[in-house]
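Where a number appears in this text, it was derived from the coordinates with a stated rule and is not lab data. All values derive from a computational prediction rather than experimental measurement. Note that we place each Cβ from the backbone using ideal geometry, even for glycine, and neighbour counts take in every protein chain shown.
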Amino acid sequence: MSIARRIIFLAFTLFVTAATGAAAAPATATLDAHLQRQVKRGSRNERVIVRTKPGHRAAVAQTLRQRGHAVYGDHPGIEALSANVSAATLKLLANDPAVESISTDADIDSLDAKKS
């Protein structure tokens, strides 16, 4: 086998290996750090904000409702919705191409509120 063919074969093998590994890996980049930990634990339901790609918000909300999850907020200005979902559903959302990101919907207090 010539050197050129070996290089082409090696490059092809590396490409296939990288593509297969990327496809098999969970899309945890769409989950914030807290949610990544919760998915690993397989923990209880989480309150989340799901940002979707434009035009997909209603379909994602419908999917969540069909899976029995409460969708309690609609945020059209940022193409997002708020829902209470299970760890299993977080995994599905993280791999959904219509989902941009998933963040924890946590209660936040302002610093001024703590002064009084």
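Details
- Residues in the stretch 28-47 that are in a helix (DSSP H, G or I), of a type in the set (K, R) and more than 16 Å from N95 (Cα to Cα): R37, R41.
- Set A87, A70, A83: member being closer than 19 Å to L35 by Cβ and touching a Gly at 6+ places or on another chain (Cβ under 6 Å): A87
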